[in-house]
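No lab work stands behind these numbers, since they all come straight from the coordinates. These numbers come from a predicted model, not from an experiment. Here Cβ is always computed from backbone atoms with ideal geometry, including for glycine, and neighbour counts include all displayed protein chains.
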Ligand code: HMG
């Protein structure tokens with residue numbers, strides 16, 4: 001039985017900054033960000049958008065009443081969750097009106113969490129093919145103003161509806177895993193900002209790719225030229241390009257140019273969003289589907305998932321017949337076009353705003369997101385969501 005992605009969507013906040021503007025403000029050559037990191041713009045989440053509201057917005061646009069009846073598993077993968085105890089998935093389950101006879105859970109292992117959520121959902125549907133599972137990845141990446149990581153921040157959420165006989169992509173049973181205990185990136189409970197050993201983290205990303213790719217070839221029998229395209233976790237898009245070069249360094253007769261063109265398609269959206277941690281790989285997958293016109297039904301796509309700490313996985317998916325009929329490129333391009341650009345002083349002022357933590361009431365204004373689910377305010381240490 002085929003199991004995989006039947007519907008998908010992503011949500012990005014309504015505000016963004018231009019990397020050229022950031023470069024000017026940080027007295028840096030813009031090409032360092034545009035070419036060196038491969039980033040053009042960066043999505044910015046105001047206080048009115050957190051990981052719960054962004055994930056709810058990503059899912060709301062694709063779920064029908066029939067889906068909400070059939071869903072019996074909601075998994076939220078995030079590393080910037082809103083509570084140490086209660087799963088964000090429960091708030092989202094309520095906001096979306098999903099039937100109560102469902103499991104709701106939140107999972108974490110840095111950017112890898114989304115892949116664990118996806119694979120768990122696939123295993124769940126294998127046992128209950130009549131059901132549907134909702135996988136959500138949602139994150140706000142923050143390193144701090146004037147830090148090396150600032151240029152790799154971002155915010156957004158991806159929603160994937162996992163079913164039997166999916167209309168878009170089926171997930172193959174060929175995942176290989178790798179875990180190594182390293183301190184390349186982490187965020188202690190007391191900190192809103194991530195700590196990172198940047199160059200070391202790049203090395204870990206590429207080392208782990210070697211491990212899971214070698215195992216994947218042995219397990220699946222796949223060779224490089226079986227793949228029409230590859231998607232990578234993209235903390236910034238240049239690292240995915242390095243991953244592709246790493247993977248294909250020994251290629252001779254293989255279609256290097258085609259893979260590079262597909263890679264450009266797969267990073268088009270990520271260049272304009274930045275890192276969304278758990279969702280970065282899946283935003284890249286959506287970008288590939290909606291921007292690569294050379295792909296065909298049946299094509300094999302290789303996916304590399306990496307989460308700092310570190311955990312990595314390589315697996316594959318196949319494009320289903322007529323998958324093109326279910327893509328939403330126009331809608332997503334409109335989402336980008338409708339964003340509001342922030343100047344760097346505006347971004348810096350918003351970046352320093354924070355939620356109250358003393359239990360008093362706080363009302364949070366809309367930031368162009370009045371028609372979306374958003375955080376309306378706080379009361380008695382509780383978050384209040386609505387539109
Ligand atoms: P940096 O040290 O400021 O930058 O920080 P750099 O000096 O390494 O330069 C970056 C690139 O720009 C280099 O290219 C330069 O040559 C180039 P490379 O040599 O690597 O190919 N460059 C230029 N290119 C053209 N024109 C110019 C120019 N100047 C320089 N004028 C770093 C970069 C990524 C380390 C920093 O932004 C950072 O720490 N980011 C956060 C950490 C990160 O994203 N790590 C990625 C791997 S870990 C991961 O993926 C997990 C993660 O998503 C978290 C999770 O799992 O939850 C982060």
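Taking the chain as a Gaussian network of alpha-carbon nodes connected by springs under 10 Å, the highest mean-square fluctuation of the residues 295, 303, 136 belongs to 295.
Relative to the compact-globule estimate of 2.2 N^0.38 Å, the Cα radius of gyration of the range 102-189 comes out at 1.34. Computed over the alpha-carbon atoms, the chain gives an Rg to Rh ratio of 0.94, Rh here being the Kirkwood radius from the mean inverse distance.
Enumerate the residues in the range 296-325 having an amide nitrogen under 14 Å from the point lying 7 Å beyond the Cα of residue 179 toward its Cβ. Residues 307-313 qualify, since their backbone N sits under 14 Å from the label point. Residues considered: 245, 108, 14. Largest GNM mean-square fluctuation over the chain, using C-alpha springs under 10 Å, is found at 245. Rg then Dmax, both in Å and based on the Cα atoms of the range 179-243: 14.8, 47. Projecting label points 7 angstrom from Cα along Cα→Cβ for residue 85 and residue 348 puts them 4.0 nm apart. log₁₀ I(q)/I(0) of the range 33-155 at q = 0.10, 0.18, 0.21 Å⁻¹, via Debye over equal Cα point scatterers, no solvent, to two decimals? Taken in order of the listed q values, log10 I(q)/I(0) reads -0.35, -0.95, -1.17.
GNM on the chain, alpha-carbon springs under 10 angstrom: the most fluctuating residue among 39, 370, 153 is 370.
Translational diffusion of the range 243-387 was estimated from the Stokes-Einstein equation, with Rh taken as the Kirkwood radius over Cα pairs; at 37 °C and 0.692 mPa s the coefficient is 173 µm²/s.
Once the Cβ-Cβ distance of residue 189 and residue 253 is raised to the sixth power relative to R0 = 41 Å, the FRET efficiency obtained is 0.20.
Each 10 Å bin, from zero up to the one with the longest distance, holds this percent of the alpha carbon pairs of the range 170-321: 11, 41, 36, 10, 2, 0. Each of 210, 354 was scored by other Cβ atoms within 10 Å of its Cβ. Listed from fewest to most, they are 354, 210. Looking at the chain alone, DSSP beta bridges between its own residues are antiparallel in about 75 percent of cases. Taking neighbour counts of Cβ atoms within 10 Å as a proxy for exposure, in what order, fewest first, do 269, 347 appear? Ordered from fewest to most neighbouring Cβ atoms within 10 Å, 269, 347 come out as 347, 269. The Rg/Rh ratio of the range 1-93, with Rg taken over Cα atoms and Rh as the Kirkwood radius over Cα pairs, comes to 1.11.
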